[in-house]
1. Sort out which residues of region 209-247 are of a type in the set (Asp, Glu) and part of a loop (DSSP other than H, G, I, E, B), and write them in order of number.
2. Within region 273-288, restricting attention to residues that are aliphatic (A, V, I, L, M) and surrounded by 22 or more Cβ atoms within 10 Å (Cβ to Cβ), which residue is nearest to the chain's Cα centre (by Cα)?
3. Considering only residues that are open to solvent by less than 20 Å² (accessible area, probe 1.4 Å) and part of a strand (DSSP E or B), which ones fall in region 161-179?
4. Just name the residue that is farthest from Ala283 (Cα to Cα) out of those in region 151-160 that are surrounded by 19 or more Cβ atoms within 10 Å (Cβ to Cβ) and not aromatic (Phe, Trp, Tyr).
5. Does any residue of region 187-207 turn out to be open to solvent by less than 30 Å² (accessible area, probe 1.4 Å), in contact with a Leu (Cβ under 6 Å, 6 or more places away or on another chain), closer than 19 Å to His293 by Cβ and among the basic types (Lys, Arg)?
6. Tally up the residues in region 223-254 that are open to solvent by less than 30 Å² (accessible area, probe 1.4 Å), of a type in the set (Val, Ile, Thr) and farther than 19 Å from Ala326 by Cα, please.
7. Quick one: Glu270 ticks every box in (1) surrounded by 20 or more Cβ atoms within 10 Å (Cβ to Cβ); (2) touching a Gly at 6+ places or on another chain (Cβ under 9 Å); (3) not hydrophobic (A, V, I, L, M, F, W, C) bar one, so which box is it?
8. Across region 72-83, what is the total count of residues that are open to solvent by 50 Å² or more (accessible area, probe 1.4 Å) and at pLDDT below 85?
Amino acid sequence: MTRTHKLIAYGLGAAVLVLTGVAAWLYLAVCSPVCHGKEAVVLVDDDDSMDSVRVKLSANTVGWGILSSQLPMNLRTGRYVFAPGTKLLSAYRRIRNHVQDPVRLVVPQVRLLSQLAARLSPTLMIDSARIASAMADERLIDSLGFDRATLPAMFIPNTYEVWWDTSARDLMLRLHREWRTWWTDERQSKAREAGLTPIEVATLASIVDSETANNAEKPAIAGLYINRLRRGIPLQADPTVVFALQDFTIRRVLHTHLQTDSPYNTYRNEGLPPGPIRIASIAGLEAVLNYQHHDYIYMCAKEDFSGTHNFAASLPEHYANARRYAKALNARGIK
């Protein structure tokens, strides 16, 4: 081999080494892991840029820059979960293709829609104000078959998988679909047998839930209120008076409270109130649909403060129960 040939061979060898080194460097740059040891959750919101996403990924600047120049993307909002060892290239492709991971959204049992909006927002990209605005959008809720008073009936307490970047409107539509799914033909049939619509079931269930936390007793309370509805007797449910006053610190409903002028005051108005007084629990809804058949039309909290009730079919028996409970309240200084 001549000297010239040797120089060429050496040059080619060096070039191959350089190219190999560059290739290895590029491979390491774009295929380095974005997280070690534990999964990484990356939230991309409206204010994010390619640089801020890189920082959230803890990805190296060079690799992200190479990918950005060779595989440009239209950055979109979303929630992405990357398992330990996920490569930068794989993460980049998922974000570019908008391959999101859902969040588990819990619809809680709360009294007010404002509380519901506040409890839902931390799980989602949207804030509570946007959720509350959607809940107050009369055109939207009317299209779903509700109004401001009956809207709480649409929310079934459960855990749902939704997209983190869902809009407030889409969230409402999704929860409406879940409401329709929950109301199976069998449940609708039971509601008709009780003489109630699904919204009325939720309204009565919200009262039952407010009367007791004891799920075993709820069907008996539901049966009592259905007896009253069928006989045209006012429900006279203390929780509706508390709701009318919007004072949830009240521990003892007094005669002056009963004079409250409100459509929610079931001492002054016959039938059900305009809508639920809280988000009804599934146990409460099922209690109304599977109410106990009995003759009771009166109930009074037990004097042992167990959270359960004494039931009565006659007024004298009810008065006796009420006197025992009043005595217990006085003994404890509850006013």
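1. To start, the set of residues in region 209-247 that are of a type in the set (Asp, Glu) comprises 209, 211, 217, 238, 247.
Selection gives Asp247 alone.
2. Residue satisfying both the conditions and the ranking: Ile279.
3. Across region 161-179, the qualifying residue is only Val162.
4. Taking region 151-160 and keeping what is surrounded by 19 or more Cβ atoms within 10 Å (Cβ to Cβ), we get 151-156.
If we keep only those that are not aromatic (Phe, Trp, Tyr) as well, we get 151-154, 156.
Numbers: Leu151: 19, Pro152: 16, Ala153: 14, Met154: 15, Ile156: 11 Å.
Out of the qualifying residues, it is Leu151.
5. no
6. So the answer is 2.
7. Unmet condition: (1).
8. 2
The values are calculated or read from the model by the stated rules, or taken from the named source; none is laboratory data. This is a predicted model, so every value here is computed, not measured. Because the Cβ atoms are built from the backbone with ideal geometry, glycine has one as well, and the counts that use them run over all protein chains shown. Calculation scope for accessible area: heavy atoms of the full protein, side chains included, ligands and nucleic acids excluded. Shrake-Rupley method; radii C 1.70, N 1.55, O 1.52, S 1.80 Å.
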